[in-house]
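Heads up: the structure comes next, in structure tokens.
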Amino acid sequence: MKILKYLFLLLFFSGNAQTLTLEECYDLAKQNSPLIKRHDLIAKTKEYNLENAAKGWLPQIQIVGQATYQNDVIQFPIQLPNMTIEPLSKDQYKVYADVQQNIYDGGMIANQKKMAIINSEIELQKTEVETDQLEMRINQIYFGILQTDEQLQQTELTKSDLSSGLKKAEAQLENGVIFRSNIDVLKAQIDNLEQKQLELQSTKKSFLQMLSLFINKNIDENTTLVKPEKILIQDENKRAELKLFDLQKQGLEQQKANINSKNLPKLGAFFQGGYGKPGFNMLKNEFDLFYIGGLRLNIPISGFYTRKNDLALVETQQQEIDVQKENFLFNQQFQTIQNNSDLDKIQQLINKDNELIELRESIKKASLAQLENGVITTNDYLREANELDRAKNQKIIHEIQYLLTQYNLKAQLNQ
């Protein structure tokens, strides 16, 4: 019955243990990043700009009121028999509505809409660039937790080995083979290992708190982080910055279209209607209704003064973006070469670690037998146990470094 009870408890806690993968941490970090709030703001800005541009086709209406006084008015220089022409009043008034309707705008409104869409895509891509950088930070924390976990396990194994050696040494002490100081040496080293465990646990706790903050999810020491497998990195750069460069060039290309549209002829209809004194009949010195309507053609000749320079400035800005992109790719290539070189070096170190651990395990096993037979002292045994522990810890560090370098390279290329 007791065995069944223990099995049930084991299954219960195993079923409730939280497990996280590196990819899940990436997704959660991006979903909970404050930058994600910009997406809705950018979408709203785009919507407002498109609506405002579309309203350029609506009639543009102004209500104008005017009251003036002038020092002189039009008068006839002659008098006609049997007719009196009253001169205009020097105080004049008018209130009228001015209505302008676009018929052909040279493509200005269409270009404004395109510009609003491109600007929205540029801002979204800037957010994507900043969000992608989270992966590097998550890598440092995630693999830091994995490293402290494995070092804790290794420290526990070494402590177990030393505890086994301590039992044998205590048996020798009872038989009068060794001195009490030999026992104290092993106990002191076990205390050192326990101190190391406390430091590692504190480091792991800090990493877990940082990861919890990034992914907005409560995780603790019972959370299991899945150790990623080694991956094959393709020689292909998919960084978000590359798309950003292209979008920025599209935006500048659209600016060229805006410059050309600005200098095209514009055709519109207009209407003015109002009430004033005098109306359009200047001989009628009284308040009257008036209106006028028609078509208006506008050819902006002065725009051609600066058109050439305006287009040249935009072309210069496009060239500047090309230079930035070239510099970015150069730095990326340099970093990729360095990371690949580091991976080769670390893999060679891991191979040497395996050879060294095999030798150190053999030496430590022999030294334990020698300790039991009183051939060597506890100091000699302790030295060999420490060397094995150091070799295993070095392998842990190198293996985590290899994975970290691989996944940093993956993040660097956005694969």
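The values are calculated or read from the model by the stated rules, or taken from the named source; none is laboratory data. Bear in mind that the values here come from a model prediction, so they are computed numbers and not experimental data. All Cβ positions, even for glycine, are placed from backbone atoms using ideal geometry, and neighbour counts span all protein chains on display.
Out of the residues in region 220-245 that are under 22 Å from the mean Cα position of the chain (by Cα) and exposed (fewer than 12 other Cβ atoms within 10 Å of the Cβ), state the one that is modelled with the highest pLDDT.
K238
Do you know which of the residues in region 130-151 that are in a helix (DSSP H, G or I) and surrounded by fewer than 17 Cβ atoms within 10 Å (Cβ to Cβ) is modelled with the lowest pLDDT?
So, considering only residues that are in a helix (DSSP H, G or I) and surrounded by fewer than 17 Cβ atoms within 10 Å (Cβ to Cβ), the one modelled with the lowest pLDDT is E130.
Considering each of N309, N379 in turn, give the residue that is modelled with pLDDT of 90 or more, on the phi < 0 side of the Ramachandran plot and part of a helix (DSSP H, G or I).
Just a single option satisfies the conditions, and that option is N309.
With respect to the numbered conditions (1) assigned to a helix (DSSP H, G or I); (2) closer than 30 Å to Y104 by Cα, which one is the sole condition not fulfilled by I292?
Result: I292 fails condition (1) only.
Could you look through region 36-66, keep only residues that are of a type outside the set (K, R) and touching a Leu at 6+ places or on another chain (Cβ under 9 Å), and pick out the one that is modelled with the lowest pLDDT?
H39
I'm trying to understand the selection: among the residues of region 256-303, which are among the small types (G, A, S), touching a Leu at 6+ places or on another chain (Cβ under 8 Å) and within 20 Å of P59 (Cβ to Cβ)?
Selection gives G268, A269, G273, G274.
Within region 387-409, track down each residue that is charged (D, E, K, R) and crowded, with 18+ Cβ neighbours inside 10 Å.
Kept after step one, since they are charged (D, E, K, R), are these residues of region 387-409: 387, 389-390, 392, 395, 399.
Listed by number, the residues that qualify are D389, K392, K395, E399.
Name the one entry in F207, F290, F304 that is in contact with a helix residue (DSSP H, G or I) (Cβ under 8 Å, 6 or more places away or on another chain) and either among the hydrophobic types (A, V, I, L, M, F, W, C) or free of Cβ contacts under 8 Å to residues at least 12 places away in the same chain (or both).
Going through F207, F290, F304 in turn, just one is in contact with a helix residue (DSSP H, G or I) (Cβ under 8 Å, 6 or more places away or on another chain) and either among the hydrophobic types (A, V, I, L, M, F, W, C) or free of Cβ contacts under 8 Å to residues at least 12 places away in the same chain (or both): F207.
Please determine, by comparing only the residues of region 156-172 that are surrounded by fewer than 15 Cβ atoms within 10 Å (Cβ to Cβ) and of a type in the set (A, V, I, L, M, F, W, C), which one is farthest from V375 (Cα to Cα).
Residue satisfying both the conditions and the ranking: L157.
Look at S120 and say whether it is touching a residue at least 24 places away in the same chain (Cβ under 8 Å), surrounded by 17 or more Cβ atoms within 10 Å (Cβ to Cβ) and of a type in the set (S, T, Y). First the steps, then the outcome.
Working: touching a residue at least 24 places away in the same chain (Cβ under 8 Å): yes; surrounded by 17 or more Cβ atoms within 10 Å (Cβ to Cβ): yes; of a type in the set (S, T, Y): yes.
Judged against the criteria, S120 is a match.
All but one of (1) of a type in the set (S, T, Y); (2) assigned to a strand (DSSP E or B); (3) touching a residue at least 60 places away in the same chain (Cβ under 8 Å) hold for S89; state the number of the condition that does not hold.
The number of the failed condition is (2).
Which of the following residues is in a helix (DSSP H, G or I), surrounded by fewer than 16 Cβ atoms within 10 Å (Cβ to Cβ) and not polar (S, T, N, Q): E286, E355, E384?
None of the other options fit; the residue is E355.
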